[in-house]
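Before any comments, here is the structure.
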Amino acid sequence: MSSSRQVVITGCGAVCGSGLSPESIWDAVCQGRSAIKEIRSWDARRWPVRLAGEVTDVDNRTLVEDRKLHKSVLRTDLFGLYAAGAAIQRSGISAYRETLPADAVPLFNERSGVLAGSGGGNYKNQYEFFPLLTEAADDMERFGRELGTTVNPMWLLRILPNNVVCHVGIRHGFKGTNACITNQSVGGLMAVMEAAAAIVTSEADRAIAVGHDTPVEPETLFNYHRLGLISADAVRPFDQARSGTVFGEGAAAVMLETMDDAKARGATILGEVLGSGCTGEAGGVVELRADGDGLSRAIQNALRAAGISPDDVGMVVAHGNGVPNSDASEARALRRVFGDRLPPVTAFKWSVGHLIAAAGMLDLVLALYALRDGLVPGIATLNSLDPEFVPFPASPLPQQPRSGIALILCRGFGGMSVALLIRGFPSASSR
Amino acid sequence: MTQRRRVAITGLGLVTPVGNDAPTTWESLLAGRSGVGPIRGFDASGFSTRIGGEVKNFAGPSGDVNKKLLKFALPSHRFALAAAEEALRDAGIRPESATAHRWGLSVGAGMMGVMFDEIKTIHSHAGLNGEFNPDGFLDREFPGDPVAFCRSQTNAGLAVLTRQFGIEGYATAVHTACASGGQALGTALKVMRRGLVDFVLAGGYDSMLNPIGLSAFCLLGALSTDNDAPERASRPFDATRNGMVLAEGAGFLVLEDWEAACRRGAPIYAELAGDGNSLSAYRITDSHPSGDGPIQSMRQALADAGLSPRDVDYVNAHGTSTPMNDRSECAALHAVMSDHVGQVAVSSTKSCMGHLIAAAGAVEAAVCALAIRHGVAPVNANYVQPDPNCAVNLVREKSKPMAIRVAISNSLGFGGSNSTLAFRHPQSVPRP
């Protein structure tokens, strides 16, 4: 991006099965700990697959103080509001707003955007119609007549995919450009892509980007299992014995603003967004091209947008969901772009699970910590690298990034791929 | 920055309650013909509202559509396939292997992915006594259908469309309730300007006209209950308005680089000239009575297009026919247009079509393009009794021939997202 408006990250927040802060999630990754356990939100003893990275023992008040919201939005929204609130809080942007003269505040708010990647429809909410279906049997007339006495009148408002956008706006006063991206797993990282673009093009001066999702529910697990996408034991990215993915749940968020604004207000800069790419493969809902065509083009587009070459990339946070054909095509896409000069590759889903719409966003937040610490964490479940990929610089042991730039990859249904490049701050070279 | 890229609308396609293609829809809108009637898709006799804007006699997408792919398509995705095919045919250009990477897709996607029969199936295995029992999925007799699950994914429509038309560039699905379609067009414009792609198929699709969708709106009390006068039920800005009418359909537009469109001699409907996008940050359903929120989206769209309020000839209003929305939107129009407000023709084509929810903004974008091309502002049907809180220059009684240099379209959603799009006549107002 040749524009003079550089986009930096000045706050981040996250919640998943490993913890309630980016630090605790990062520590778990570095210590080889995984949040993936037997499912607790329902009795899954009879299930052929029964693992997930659930957020347990966290009450709603910890996530969102306002009790009214606990009933008026879904749990996925509470995660999103929690992560977004944490990122905004850490950036110090609200405290800074309080120092502005009163007449400058409305414009400040109108220049503050909210972009979410939302998991959108979950399935459980539809079961709230079960008592009515039972009562009405197959009598539709009765279904309509008894509706008002059986189902919560606010049902629709509670399940809106854009509830996080709405309530981040209300709670934090952000009134600018906004989007709720419902592009399955790539939604979260696309929120960062669009937020950064809004700032570069002066549509906004700052924006919160958040991804949130709660895929750990019976109907989703059952169907992913039927599609052959779920592992019964662990997520093993790039391993010869990889057998599928495991769901996680939660949210992650980053606060973005211009480099100039961040410096002027003395904010701590965590990283810089350098460029991004987004592509599709036109194959259908679950099809993936074996050669990784879409993903390799997304990476090339991101490199071009950032104005850097493959050799400048210091580390890769792969999508690495542990699904056999997904990891294989991802390894091939990386080979296509980097040839035999691949930087260290890692992936985090073995520790946190696959958070679907929040996955790429959580990977981005963890990548900030990796660059901060100059550490590419090992993939703890990687026992035996798939020989097809060798040589491939993924390891169960920690590695060192070869520069202060990380490439984050995210893939989803519909053959979608998103690639995002960030620079850590202070950049490795300047330390 | 270098000179900003201009974006041309060169094709459009519609499937709506008033017509299964763009010409038929346009003709109905000009005549003020309503597409609202008793719901026939299912037995709605017990519901407080029993009317809707259904798509009628829809034969399915035309052209060469893969049968297997159709299994992955919800009813709203089929509307989308048909509208998108019409738009591409109209534009006279479509993705080919050499250009697939330079085509993008941006859609406002409806939020409902599961068909009523599928919910009933799960109910009969996993909730027959009213309580959900997860182990019901494990029943040997449970006829789990992975295709139905794929269809229910938030980006399933996107997957079906990219596959059908071979689109391999940037693709996105957005959902901000009733603002979705407008925001999808806005995203498409921005992606074009950023140079990520050279063409975008942009639009929206939705159908909530099923027992669960109708329930959702009935429970909220958002719908008109004028079951005995369906054609008059949607009457935006009329003093007696009493709620919106739920409708379904799809609208798609082909966007391409202005210079490229000129070079290939493509007829241009209009320039998609500006996007405004704001968040009311007020309440989840209500808009602020002052019009705060839509005021910002309208101002931004005009500023983005390099226009002033005085340039606007026609507003395709969000105009849902709910008491609150129409009042708030008019307050916003007054604030933005100030003393020019009487010179701007305003109509809500929801008066004929009803509210297409996530598709509304895209369908109404196509209506603005048609209004500019044909030089006619479509009528705000069913407007009889003026509301002093809605004192804008409505297109009354019949559609109004007039030169439209600039049109804007508002889409204001539950959740407080507001979208305004600005359109400019291809021969008007040389770029500043």
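The values are calculated or read from the model by the stated rules, or taken from the named source; none is laboratory data. Computed from a predicted model, the values in this text were never measured in an experiment. In this analysis, Cβ positions are derived from the backbone assuming ideal geometry, glycine residues included, and neighbour counts consider all displayed protein chains.
Look at B:Ala83 and say whether it is part of a helix (DSSP H, G or I), aliphatic (A, V, I, L, M) and closer than 23 Å to B:Trp26 by Cα. It is true that B:Ala83 is part of a helix (DSSP H, G or I), aliphatic (A, V, I, L, M) and closer than 23 Å to B:Trp26 by Cα. Put simply, of B:Leu12, B:Leu69 the only residue that is at pLDDT below 95, at negative phi and outside any loop (DSSP other than H, G, I, E, B) is B:Leu69.
Each row is one residue, and each column tells you yes or no for (1) in a helix (DSSP H, G or I); (2) at pLDDT 95 or above; (3) surrounded by 17 or more Cβ atoms within 10 Å (Cβ to Cβ).
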residue	(1), (2), (3)
A:Ser94	yes, yes, no
A:Leu107	yes, yes, no
A:Gly113	no, yes, yes
A:Leu132	yes, yes, yes
A:Leu147	yes, yes, yes
A:Pro153	no, yes, no
A:Pro161	no, yes, yes
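Picking from residues in segment B:276-327 that are within 14 Å of chain A (Cβ to nearest Cβ), among the aliphatic types (A, V, I, L, M) and assigned to a loop (DSSP other than H, G, I, E, B), the one that is nearest to A:Gly169 (Cα to Cα) is B:Ala281. Somewhere in segment A:344-357, is a residue over 18 Å from A:Ser243 (Cβ atoms), of a type in the set (Lys, Arg) and either in contact (Cβ under 8 Å) with a residue 12 or more places away in the chain or assigned by TED's automatic domain parsing to the domain that holds A:Val55 (or both)? No, the conditions are met nowhere in segment A:344-357. A:Gly117 passes every criterion in (1) buried (at least 22 other Cβ atoms within 10 Å of the Cβ); (2) not assigned by TED's automatic domain parsing to the domain that holds A:Pro215 apart from (2).
Just one residue in the set A:Gly250, A:Gly244 is touching a Leu at 6+ places or on another chain (Cβ under 6 Å), of a type outside the set (Val, Ile, Thr), modelled with pLDDT of 95 or more and surrounded by fewer than 24 Cβ atoms within 10 Å (Cβ to Cβ); that residue is A:Gly244. Looking only at residues in segment B:282-341 that are among the β-branched types (Val, Ile, Thr) and over 20 Å from A:Ser112 (Cβ atoms), the one that is farthest from the chain's Cα centre (by Cα) is B:Val341. Applying the criterion of being closer than 19 Å to B:Ala188 by Cβ and at the interface with another protein chain (Cβ under 8 Å from one of its Cβ atoms) to the residues of segment B:82-127, the residue that is surrounded by the fewest Cβ atoms within 10 Å (Cβ to Cβ) is B:Ala100. Listed by first and then second residue, the pairs with beta-carbon distance under 7 Å, at least 6 apart or on different chains, first residue in segment B:404-420 and more than 14 Å from chain A (Cβ to nearest Cβ) and closer than 19 Å to B:Ala366 by Cα, second among the β-branched types (Val, Ile, Thr) and surrounded by fewer than 24 Cβ atoms within 10 Å (Cβ to Cβ), are B:Arg405/B:Val429. Under the condition of being surrounded by fewer than 21 Cβ atoms within 10 Å (Cβ to Cβ) and farther than 30 Å from B:Ser278 by Cβ, the residues counted in segment B:166-198 number 1. Checking B:Ser297, B:Ser290 one by one, the residue that is crowded, with 24+ Cβ neighbours inside 10 Å, among the polar types (S, T, N, Q) and touching a Ser or Thr at 6+ places or on another chain (Cβ under 8 Å) is B:Ser297 and no other. From the list B:Phe137, B:Phe217, B:Phe142, B:Phe165, the lone residue that is at pLDDT below 95 and either among the hydrophobic types (A, V, I, L, M, F, W, C) or under 25 Å from A:Gly113 (Cα atoms) (or both) is B:Phe142.
For segment A:284-306, the set of residues classified as at pLDDT 95 or above, part of a loop (DSSP other than H, G, I, E, B) and over 22 Å from the mean Cα position of the chain (by Cα) consists of A:Arg289, A:Ala290, A:Asp291, listed by residue number.
Within segment B:209-223, being within 9 Å of chain A (Cβ to nearest Cβ) and part of a loop (DSSP other than H, G, I, E, B) holds for B:Gly221, B:Ala222. Restricting to segment A:165-185, and then to whatever is more than 18 Å from B:Ser411 (Cα to Cα) and hydroxyl-bearing (Ser, Thr, Tyr), can you tell me which residue is nearest to the other protein chains (Cβ to nearest Cβ)? So, considering only residues that are more than 18 Å from B:Ser411 (Cα to Cα) and hydroxyl-bearing (Ser, Thr, Tyr), the one nearest to the other protein chains (Cβ to nearest Cβ) is A:Thr182.
Scoring B:Gly130 on the criteria (1) surrounded by fewer than 19 Cβ atoms within 10 Å (Cβ to Cβ); (2) at negative phi leaves a single failure, condition (2). Please work out if A:Ser72 is surrounded by fewer than 18 Cβ atoms within 10 Å (Cβ to Cβ), in contact (Cβ under 8 Å) with a residue 60 or more places away in the chain and more than 13 Å from chain B (Cβ to nearest Cβ). No: the conditions fail for A:Ser72. Where helices (runs of 4 or more DSSP H) sit wholly within segment A:1-82, those with at least 2 residues that are in contact with a Ser or Thr (Cβ under 6 Å, 6 or more places away or on another chain) and either in the same structural domain as A:Ile269 (by TED's automatic domain parsing) or within 21 Å of A:Leu364 (Cα to Cα) (or both) occupy A:22-30.
Scanning segment A:408-427 for residues that are within 14 Å of another protein chain (Cβ to nearest Cβ), assigned to a strand (DSSP E or B) and of a type outside the set (A, V, I, L, M) yields A:Cys410, A:Arg411, A:Gly412, A:Ser417. For segment B:135-191, residues that are among the aromatic types (Phe, Trp, Tyr) and more than 7 Å from chain A (Cβ to nearest Cβ) total 2. When segment B:338-361 is filtered for residues that are part of a helix (DSSP H, G or I), among the hydrophobic types (A, V, I, L, M, F, W, C) and within 21 Å of B:Ser399 (Cβ to Cβ), the ones remaining, listed by number, are B:Val341, B:Cys352, B:Met353, B:Ala360.
Within segment B:376-404, the residues that satisfy the criterion of being of a type in the set (Gly, Ala, Ser), in a loop (DSSP other than H, G, I, E, B) and either crowded, with 19+ Cβ neighbours inside 10 Å or at pLDDT below 95 (or both) are B:Ala381, B:Ser399. Scanning segment A:311-343 for residues being in a helix (DSSP H, G or I) and either touching a strand residue (DSSP E or B) at 6+ places or on another chain (Cβ under 9 Å) or crowded, with 22+ Cβ neighbours inside 10 Å (or both) gives a total of 10.
Out of the residues in segment A:265-302 that are free of Cβ contacts under 8 Å to residues at least 60 places away in the same chain and touching a strand residue (DSSP E or B) at 6+ places or on another chain (Cβ under 9 Å), state the one that is farthest from the other protein chains (Cβ to nearest Cβ).
A:Gly292
Residues being surrounded by fewer than 24 Cβ atoms within 10 Å (Cβ to Cβ) and not charged (D, E, K, R): count how many of those fall in segment B:405-420. Here the count works out to 1. The set of residues in segment B:226-252 that are over 28 Å from B:Leu81 (Cα atoms) and in a loop (DSSP other than H, G, I, E, B) comprises B:Asp226, B:Asn227, B:Asp228, B:Ala229, B:Arg235, B:Pro236, B:Phe237, B:Ala239, B:Thr240, B:Arg241, B:Asn242, B:Gly243.
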